[in-house]
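Let me begin by presenting the structure, written as structure tokens, before commenting on it.
The values are calculated or read from the model by the stated rules, or taken from the named source; none is laboratory data. Not measured: the values here are computed from a predicted model. Ideal geometry is used to build each Cβ from the backbone, glycine not excepted, and the neighbour counts take in all protein chains shown.
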Amino acid sequence: MTISNFRASEPLYIVMVREDNAERLLRQWAQHNQCQVTIEGNRMKLFEQRSLSRFYMDWAHSWQNVLIWDCWNKRHIYLD
């Protein structure tokens, strides 16, 4: 699902949620925050830094089941 018509060729970040209803939760979050993302199952690709900042601020579900991959630096972002 592409929320916006504009999309960079490569995502900056990939958010993975390990929940049974992950896709539904990610779609709800993306629609509410109007961010430029692509959602495929339990993965959400973020194409701008603003989207990651919004995710940090507005994600209302468990952080224990969230994993974020930084595509530019090729490393996980660990949440404290």
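Observations
- In this structure, PHE47 qualifies as touching a Pro at 6+ places or on another chain (Cβ under 8 Å) and aromatic (Phe, Trp, Tyr).
- Members of the stretch 15-29 found to be of a type outside the set (D, E, K, R), under 21 Å from HIS76 (Cβ atoms) and either surrounded by fewer than 17 Cβ atoms within 10 Å (Cβ to Cβ) or at pLDDT below 95 (or both), listed by number: MET16
- Top-ranked residue of the stretch 1-14 - restricted to ones that are out of contact with any Asp or Glu (no Cβ under 7 Å at 6 or more places or on another chain) and under 20 Å from ILE77 (Cα atoms), ranked as modelled with the lowest pLDDT: GLU10
- Scan of the stretch 41-80 for residues that are in contact (Cβ under 8 Å) with a residue 24 or more places away in the chain and charged (D, E, K, R), ordered by number: ARG43, LYS45, GLU48, ASP58, ASP70
- One residue stands out in the stretch 43-80 among those that are surrounded by fewer than 14 Cβ atoms within 10 Å (Cβ to Cβ) and of a type in the set (A, V, I, L, M): the one that is modelled with the lowest pLDDT, namely LEU79.
- Scanning the stretch 57-80 for residues that are touching a strand residue (DSSP E or B) at 6+ places or on another chain (Cβ under 9 Å), of a type outside the set (Val, Ile, Thr) and more than 20 Å from ASN21 (Cβ to Cβ) turns up TRP69, ASP70, CYS71, TRP72, ARG75, HIS76, TYR78, LEU79.
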